[in-house]
Amino acid sequence: QAQLVESGGGLVQPGGSLRLSCLVSGSIFRLYGMGWYRQAPGKPRELVATITAGFSTNYADSVKGRFTISRDNAKNMVYLQMNSLKPEDTAVYYCNRHPAEYPDWGQGTQVTVTS
């Protein structure tokens, strides 16, 4: 089990941008794929973006072209650059290993998109 600490969320207007960060400790980070997930109120958690150990990326259709996932293995960090934000992007965002998520999730970081 790794420790996952997300940060970078906030309140932003539609069309704005945010960059989320996730620090992963306690694992051989570079060997694993990672993902960003989100959970909106009253909805199940959904997978937003993934990045493999080989740096291949994949995105949910709802964020494709707007979000970019990246990783820095030297710093054990995963990032999610979010542009052209929409109100429907409002959620708590989490990172975790993907696939085979760790059972203990971090606290997440709240993203609120509103005018």
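The values are calculated or read from the model by the stated rules, or taken from the named source; none is laboratory data. Model, not experiment: these values are computed from the prediction. Backbone-built Cβ (ideal geometry, glycine too); neighbour counts: all protein chains shown.
Quick look at the numbers
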{"read-out": "Unmet requirement for residue 4, which otherwise passes all of (1) in contact (Cβ under 8 Å) with a residue 60 or more places away in the chain; (2) in a loop (DSSP other than H, G, I, E, B)", "value": "(2)"}
{"read-out": "Failed condition for residue 2, given (1) touching a Ser or Thr at 6+ places or on another chain (Cβ under 8 Å); (2) at pLDDT 95 or above", "value": "(2)"}
{"read-out": "From 62, 70, residue being outside any strand (DSSP E or B) and of a type in the set (S, T, N, Q)", "value": "62"}
{"read-out": "Which listed residue is assigned to a loop (DSSP other than H, G, I, E, B) and either among the β-branched types (Val, Ile, Thr) or surrounded by 12 or more Cβ atoms within 10 Å (Cβ to Cβ) (or both), from 37, 94, 102", "value": "102"}
{"read-out": "Filtered residues of the range 63-91 (kept if among the hydroxyl-bearing types (Ser, Thr, Tyr) and either under 14 Å from the mean Cα position of the chain (by Cα) or crowded, with 18+ Cβ neighbours inside 10 Å (or both))", "value": "68, 70, 79, 90"}
{"read-out": "Qualifying residues in the range 49-62 (those that are of a type in the set (A, V, I, L, M, F, W, C) and more than 16 Å from residue 37 (Cβ to Cβ)) - the one surrounded by the most Cβ atoms within 10 Å (Cβ to Cβ)", "value": "53"}
